[in-house]
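**Student:** To start, I am sharing the structure in question, which I have written as structure tokens.
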Amino acid sequence: MKTSTRTFLSATVLIGALVPAACGDDAAAPAEGGGQIVTVYTGRHYGIEAVFDEFTAATGIEVRFTTGKDPELRERLIAEGANTPADVLMTADAANVELAADAGVLAPVASETLDTAIPTELRSADGTWFALSRRARVIISSTERVDSPPMTYAAVGDPAWKGKLCLRPSTHPYTQSLVASLIAGEGEAAAEAMVASWVDNDPLFIDSDTDIYNAVAAGECDVAIANSYYLGRLQTEDPAFPVAITWPDQDGRGAHVNVSTAGITTNAPNPTGALRLLEWLATDGQKMFSDANFEFPADPSVEPADIVAAWGPFKGDTAVIVRLGEFQPAAVALLSRVGYE
Amino acid sequence: MTIGWRPGRGPGWALLVVVAVVMAAPVAVILWSITDPSTEVWRELWQTRLPGMIVDTVTLVTLVVTGTVIVGTGLAWLVSAYEFRGRRLLSWLLMTPIAIPGYVLGFVWLDTLQGPLGARAVRSIWLCAAVLVGSLYPYVYVFAWSAFREQSPRTVDVARSLGCSPFAAWWRVVVPMARPSIAAGAALVAMEVLTDVGTVRLFNVSTIADGVLRVWFGTGDRDAAAELAALLVVAAVSLIFVERALRGRARYTQAGARSATRARSVTGMRAAVVNVVGWGVLCIAVAVPVVRLVRWALRAQQLGQTETISGDLAFHVVSSLKVAGFATIACLVIGTTMVFIARERGRWGAALSRLASLGYAVPGPVVAIGVIVTLAAVDRREWWPGEVLLVGSLAGLVYAMVVRFLAIAHQGIGASVGKVTPAVVASARTLGAGRLRVATRVELPLARAGVIAAATLVAIDSLKELPVTLLLRPFGVEPLPVWVWQATSESLWVQASVPSLMIVAIGMPLVAALLWSVERGAEVVS
């Protein structure tokens, strides 16, 4: 009887041990053919593969990547610590990369190539991250129903737009970064009053910029705040898409600009390959990287795509970009206080 | 039988403790933060969103549980009490929504109703609840159905002979006797609603589980998020107590049990009503969504969007099968081991089993981060040579799935093994069979249906699981839900349709296996 118990137990232990062992075979497959590999965690996934393929063709360095949302990848990187397989973290917004840098998972990089290509206000002072492309969060309105759209973020709170406004929920980094920029630029009290005035307009919250554009086109709302590049995608499909962009606050701080970023991880297994990738993205790959998503290149000397250039020049609030992460927690708290969905 | 330590049972205890610790560790590391509460964040939450979150959570859980109990029990009764053309087919098909993830049903109905209702009206807690009822009622249905099947027709006959109308007989005799099963199904539903993060976000419903992610990912404040998660665990544990209380000590014995409830033939108007109700639910929960998905998928085919940047459809299917397969095997092995060891160890054994099942009460993303923290700590010790790391490995992902779904396997297997008549086991033992032999040759074969039911439930759940998969998938493994998520987060329904349909397609044989086992008397919960 005792023996049988023991046999039973050892059998289960054995099986229990075999299962993970069987799984382990696939774990962290090493580079094929011994070639160099750079591992990327990316919160941005528009056309990223073609860009990486181009990089591989140019340098012979393979890129393997996993996608996810910015905050989740940030938390994963923090949890993995010294054992992370990631060489590079790429995010779709500045605040999350700054929070990652604050947590110590991004390493400072000194690169003349990067410092030359990327303007000072588009990279962190300590070199932990660099912007690769810019995009504006703008006011959009129906071309059919709106003659004089709001010209400033403050004007979006005008009671004239009550029941006619669409916004993205506060759970999304785009909303958080916009409010962080308002806090940085206007001070907390003014920002709170402004965001509260939006909420007073009883906005319809839609958790997708594409759907926000479609809602404006369909007449669900007349005015909304959304990222510029979605219009690029929609205009590619339908050049007559009935939504127009207004560059906000052109007489003031300028439109809220956020960036796609990249940084090298503190514990990168392949920091040299990672640096090659960043430098390539900031130079030879700049145009391809930005055009893939109808964004503005971080390097101002590189031309944006034609469809983007057609929207005309604008003044962007770039000074505040490196501080978005600093104000993000305050932004989240503010959004909660004013009852923003 | 004695409670507590006895010499000679050391290895069993040790194994049980190890399993419980390994399974509870990821939840424990997250909940640990409560020992050092950040009162400031807590106060701020309390003054702002927390009351709303609690209201939304309670409302949603109440609506969905009520809805699933009414729909699930009602349908189970229709297909067990009435005989009509197509009854058998209907009774099987009514189980199929379990294979459709809530987030898929959610985006299909969101898009379908957006036109007629308007984008504002469509984003409501009511529609969210309706969608969740549509995808979760099978949990109640399957338990109620198997409970009704096991009831003797004689009880109804007696009630009828005492002057009860058919409905009164059902309401006063049949339902009360099925109450333990219905309560168990409802508890599962409540747990799924408490931890849902995919569907609620679609409809702008702000639950506590959603709040955990909101706080964590919005501010990077893991401690504050963990405190919210702890609230969720408390809610889940109280739910379990409520369910136990509702169930009470109810153990109904039945005269001539195991002969299925006698079905009454219905024709004409009544048959029409029964059919309309049954097929109507099926239309809403399965037919309309599947038709829309198929139409989108055809469009995707035209546009050449039947693959992703990571690989073609077959690659994603293999990924999904691999993850669900390993997770199911692991859950079965560990669950069975726990059942056999724990039952001889009284209260402590039960407590350790419950500890190991804690992950079921915690939202997926929280489990995922807990697993990453735990595995990263193990990786840092470098217990094994070379470059083998658990974080980012398939083993890590499977581990997280087991943490999340072990409860289902453990409950199902435990209930079915518990049903094996003690006399059979005693006879085998008297005849000299060892414990292992009795377990493998007598008890498990007798409980086979229950084991299969548990396996299919785990497989279906791990096939649908989104947040854990998203956060933990290793390189080269891209299960279908990740593809769905990537497409739906950009509102690209056409792209999302192909992987969504594949999840449903893979789920269908599993549903069939589940039905097969339920028809053979599988107990799905204890």
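Coordinate-derived values only; no laboratory data. Not measured: the values here are computed from a predicted model. Glycine also receives a Cβ, built like all others from the backbone with ideal geometry; neighbour counts cover every protein chain displayed.
**Student:** Expected output is a single nm value to one decimal: the length gained when fully extending between B:E83 and B:D157, i.e. 0.36 nm times separation in residues minus the C-alpha distance. What is it? Walk me through the intermediate numbers first.
**Tutor:** Details: separation 74, 0.36 × 74 = 26.64 nm, distance 1.66 nm.
Between B:E83 and B:D157, full extension yields an extra 25.0 nm.
**Student:** If you don't mind, another one. When all C-alpha to C-alpha distances in the range B:28-166 are sorted into bins of 10 Å, what percent of pairs does each bin hold, rounded to whole numbers?
**Tutor:** So the P(r) values, bin by bin, are 10, 25, 26, 21, 12, 6, 1.
**Student:** I would also like to ask the following. Assigning unit charges at the beta carbon (Lys, Arg +1; Asp, Glu -1) and nothing else, what dipole magnitude in debye, to the nearest 20, does the range B:307-526 show about its Cα centre? Before the final figure, lay out each step's value.
**Tutor:** On the way: 17 positive and 13 negative charges, 241 e Å.
So the magnitude is around 1160 debye.
**Student:** While we're on this one: Largest first and to the nearest Å, give the Cα extent of chain B along each principal axis.
**Tutor:** Extents along the principal axes, in whole Å: 70, 67, 49.
**Student:** Ok, one more. Can you give the local net charge around B:V200? Use residues other than it whose beta-carbon is closer than 13 angstrom to its beta-carbon, Lys and Arg +1, Asp and Glu -1.
**Tutor:** Values: positive: B:R123, B:R201, B:R214; negative: A:D207, A:E341, B:D56, B:E192, B:D196, B:D210.
Around B:V200, the charge tally is -3.
**Student:** Assuming R0 = 30 Å, can you tell me the calculated FRET efficiency for the pair B:T35 and B:W383, based on Cβ-Cβ distance, to the nearest 0.05?
**Tutor:** Working: r = 27 Å, r/R0 = 0.90.
Taking R0 as 30 Å, the efficiency between B:T35 and B:W383 is 0.65.
**Student:** Give the cross-link partners of B:K322 among the lysines, using a straight C-alpha distance below 18 Å as the criterion and excluding same-chain residues fewer than 8 apart.
**Tutor:** Cross-link targets: B:K464.
**Student:** Could you give the Stokes-Einstein D for the range A:162-201 in µm² per second, using the C-alpha Kirkwood radius, 20 °C, 1.002 mPa s? Walk me through the intermediate numbers first.
**Tutor:** Values: Rh = 10.6 Å.
Translational D for this selection: 202 µm²/s.
**Student:** Among B:T207, B:I54, B:L136, which residue has its Cα furthest toward the positive end of the charge dipole of the range B:27-303, with +1 on Lys/Arg Cβ and -1 on Asp/Glu Cβ?
**Tutor:** Of B:T207, B:I54, B:L136, it is B:L136.
**Student:** At 7 Å along Cα-to-Cβ for each site, give me the label-to-label distance between B:V276 and A:V199 in nm.
**Tutor:** Label-label distance for B:V276 and A:V199, simple model: 4.6 nm.
**Student:** Calculate the FRET efficiency for B:R441 and B:L117 from the Cβ-Cβ distance with a Förster distance of 56 Å, rounded to the nearest 0.05. All intermediate terms of the calculation are to be shown ahead of the outcome.
**Tutor:** On the way: r = 59 Å, r/R0 = 1.05.
The formula returns an efficiency of 0.45 here.
**Student:** Could I ask something else about it? For the range B:354-446, how big is the tail of P(r) above 17 Å, as a whole percent of Cα pairs? Kindly include the intermediate steps, with their values, before the conclusion.
**Tutor:** Working: 2702 of 4278 pairs.
The answer is 63 percent, as a whole percent.
**Student:** Count, for each residue of B:463-473, the Cβ atoms from other chains sitting within 10 Å of its Cβ, then give me the mean as a whole number. Please list the in-between numbers first.
**Tutor:** Working: counts 0, 0, 0, 0, 1, 0, 0, 5, 8, 1, 3.
Mean partner shielding for this stretch: 2.
**Student:** So, one more: Sort largest first and round to whole Å: the equivalent ellipsoid semi-axes of the range B:27-303, each the square root of five times a Cα gyration tensor eigenvalue. It would help to have the intermediate numbers written out before the result.
**Tutor:** On the way: eigenvalues 295, 140, 39 Å².
Semi-axes, largest first: 38, 27, 14 Å.
**Student:** For n ≥ 4 DSSP H runs only, could you compute -39500 (n - 2.57) per run for the protein assembly as shown, divide by its residues and tell me the 222 nm figure to the nearest 500? List each step's numbers first, then the result.
**Tutor:** Details: 37 runs with 519 residues, N = 867.
Mean residue ellipticity, 222 nm, calculated: -19500 deg cm²/dmol.
**Student:** Out of all Cα-Cα pairs in chain A, roughly what percent, to the nearest whole number, are more than 27 Å apart? Write down the numbers at each step before the final one.
**Tutor:** Numbers: 28537 of 57970 pairs.
So the portion of pairs separated by more than 27 Å is 49 percent.
**Student:** Same structure, new question: Choose one of A:T66, A:P242, A:M194: the residue whose Cα lies farthest towards the positive end of the charge dipole of chain A (beta-carbon charges +1 Lys, Arg; -1 Asp, Glu; about the Cα centre).
**Tutor:** Checked the options; the winner is A:T66.
**Student:** At R0 = 35 Å, how high is the FRET efficiency between B:V175 and A:R145 if r is their beta carbon distance? Nearest 0.05 is fine. Let's see the in-between values first.
**Tutor:** On the way: r = 55 Å, r/R0 = 1.56.
Approximately 0.05, to the nearest 0.05.
**Student:** Still on this model: Dipole magnitude of the protein assembly as shown about its Cα centre, charges +1 at Lys/Arg Cβ and -1 at Asp/Glu Cβ only, in debye to the nearest 20? Show your work: numbers first, answer last.
**Tutor:** Details: 67 positive and 74 negative charges, 1329 e Å.
Here the size comes out at about 6380 debye.
**Student:** So, in nm, how far is label A:D238 from label B:R343 when the simple model puts each one 7 Å beyond its Cα toward the Cβ?
**Tutor:** The modelled label-to-label distance comes out at 6.2 nm.
**Student:** Debye calculation, C-alpha points only, no solvent: report log10 I(q)/I(0) for the protein assembly as shown at q = 0.08, 0.10, 0.11 Å⁻¹, in the same order as the q values.
**Tutor:** Cα-only, vacuum Debye calculation for the protein assembly as shown: -0.74, -1.12, -1.32.
**Student:** Calculate how steeply helix A:70-80 sits against the longest principal axis of the alpha-carbon atoms of chain A, using the helix alpha-carbon long axis, and give the answer as 0 to 90 degrees to the nearest 10.
**Tutor:** Helix A:70-80 sits roughly 30 degrees off the main axis of chain A.
**Student:** Can you give me the convex hull volume of the Cα atoms of the range A:214-273, divided per residue and expressed in Å³?
**Tutor:** Details: hull volume 10.4 nm³, N = 60.
Each residue corresponds to 174 Å³ of Cα convex hull volume.
**Student:** Given the range B:292-402, report the % of alpha carbon pairs whose separation exceeds 25 Å.
**Tutor:** Details: 2826 of 6105 pairs.
More than 25 Å apart: 46 percent of the Cα pairs in the range B:292-402.
**Student:** Along the charge dipole of the range B:307-526, which of B:L358, B:V482, B:T308 sits closest to the positive end, that is, farthest toward it, with unit charges on the beta carbon of Lys, Arg, Asp and Glu (+1, +1, -1, -1)?
**Tutor:** B:L358
**Student:** Roughly how tilted is helix A:271-282, in degrees to the nearest 10 and between 0 and 90, from the longest Cα axis of chain A?
**Tutor:** With rounding to tens, the tilt is 20 degrees.
**Student:** Can you give the extra length, in nm with one decimal, that the chain gains between A:T120 and A:K162 once fully stretched, where that is 0.36 nm per residue apart less the Cα-Cα distance? Could the numbers behind the result be given before it?
**Tutor:** Numbers: separation 42, 0.36 × 42 = 15.12 nm, distance 3.99 nm.
Additional length available on full extension: 11.1 nm.
**Student:** Which longest uninterrupted range of chain A lacks any trypsin sites (Lys or Arg not before Pro) assigned by DSSP to a loop state (not H, G, I, E or B) and surrounded by at most 16 other Cβ atoms within 10 Å? List each step's numbers first, then the result.
**Tutor:** Working: sites that count: A:R145, A:K162, A:K315.
Longest stretch, sites excluded: A:163-314.
**Student:** Hey, got a sec? Which trypsin sites (Lys or Arg not before Pro) in the range B:47-110 land in a DSSP loop and have at most 15 other Cβ atoms within 10 Å?
**Tutor:** Values: sites: B:R49, B:R85, B:R87, B:R88; in loops: B:R49, B:R85.
Passing both the DSSP loop test and the Cβ count: B:R85.
**Student:** Relative to the compact globular guide of 2.2 N^0.38 Å, what is the alpha carbon radius of gyration of the range B:307-526, as a ratio? Intermediate results must be reported in sequence, preceding the final value.
**Tutor:** On the way: Rg = 19.4 Å, N = 220, 2.2 N^0.38 = 17.1 Å.
Working it through for the range B:307-526, the quotient is 1.13.
**Student:** Net charge around B:A119, counting only other residues with Cβ within less than 15 Å of its Cβ (Lys, Arg = +1; Asp, Glu = -1)? Can you show the working numbers first?
**Tutor:** Details: positive: A:K164, A:R168, B:R120, B:R123; negative: A:D202, A:D207, A:D209, A:D211, A:E220, A:D222, A:E341, B:D111.
So the surrounding residues net to -4.
**Student:** Under a Cβ-only charge scheme (Lys and Arg +1, Asp and Glu -1), can you give me the dipole magnitude of chain A about the Cα centre, in debye to the nearest 20? The partial results should precede the final answer.
**Tutor:** Working: 22 positive and 46 negative charges, 183 e Å.
My answer is approximately 880 debye.
**Student:** Only counting other Cβ atoms within 10 Å, I'd like A:T66, A:T272, B:T421, B:T440 sorted with the fewest neighbours first. Intermediate results must be reported in sequence, preceding the final value.
**Tutor:** Values: A:T66 23, A:T272 13, B:T421 9, B:T440 17.
Neighbour counts put them in this order, fewest first: B:T421, A:T272, B:T440, A:T66.
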